[in-house]
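Since every read-out is calculated from the coordinates, none of them should be taken as a lab result. Fair warning: this is a prediction, and the values are worked out from it, not measured in the lab. Backbone-built Cβ (ideal geometry, glycine too); neighbour counts: all protein chains shown.
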Amino acid sequence: MKKLRFARIKWVDAGGNDQWEDNDRPPESLPVVHSCGILLQLNDKAVTITHSVITEKGQESRLGRLSIPRGCIKSVRVQKEGSGRWKRLI
């Protein structure tokens, strides 16, 4: 079994409003989100994490998945299982 990599991701989420408002009202700022989890995938389109992994008899399964588009990501830091150091990837 490969070692797990834990990820801390700082990203900007979409925002919006479903109510009538004046055109001269300034748009609301977009929320900055901090997400943590076990890194599943990092590629040129998205970063994907999960919050739970079961490793049993050579098989791996996961519970939950969050994929964040790369264009929304401000930073990604990872830590290998058993390591105390965080490395910045993005």
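Tabulated values for the structure
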read-out	value
Count of Lys pairs (Cα-Cα under 22 Å; at least 8 positions apart or interchain) in region 11-90	4
Computed over region 1-42, Cα set: Rg, Dmax in Å	17.3, 56
D_trans [Stokes-Einstein, Kirkwood Rh over alpha-carbon pairs] for the chain, 20 °C, 1.002 mPa s, µm² s⁻¹	142
Amide proton proximity set for VAL33, modelled H, under 5 Å, gap of 5+	TRP11, VAL12, ASP13
Local net charge near GLU60, Cβ-Cβ under 14 Å (Lys/Arg +1, Asp/Glu -1)	+4
Relative contact order %, the chain, counting alpha carbon pairs below 8 Å whose residues are six or more apart	33
Listed residues PHE6, GLY58, SER75: farthest to the positive end of the dipole of the chain (Cβ charges)	GLY58
Lys, Arg +1 and Asp, Glu -1 on Cβ, resulting dipole of region 1-79 about Cα centre, debye, nearest 20	860
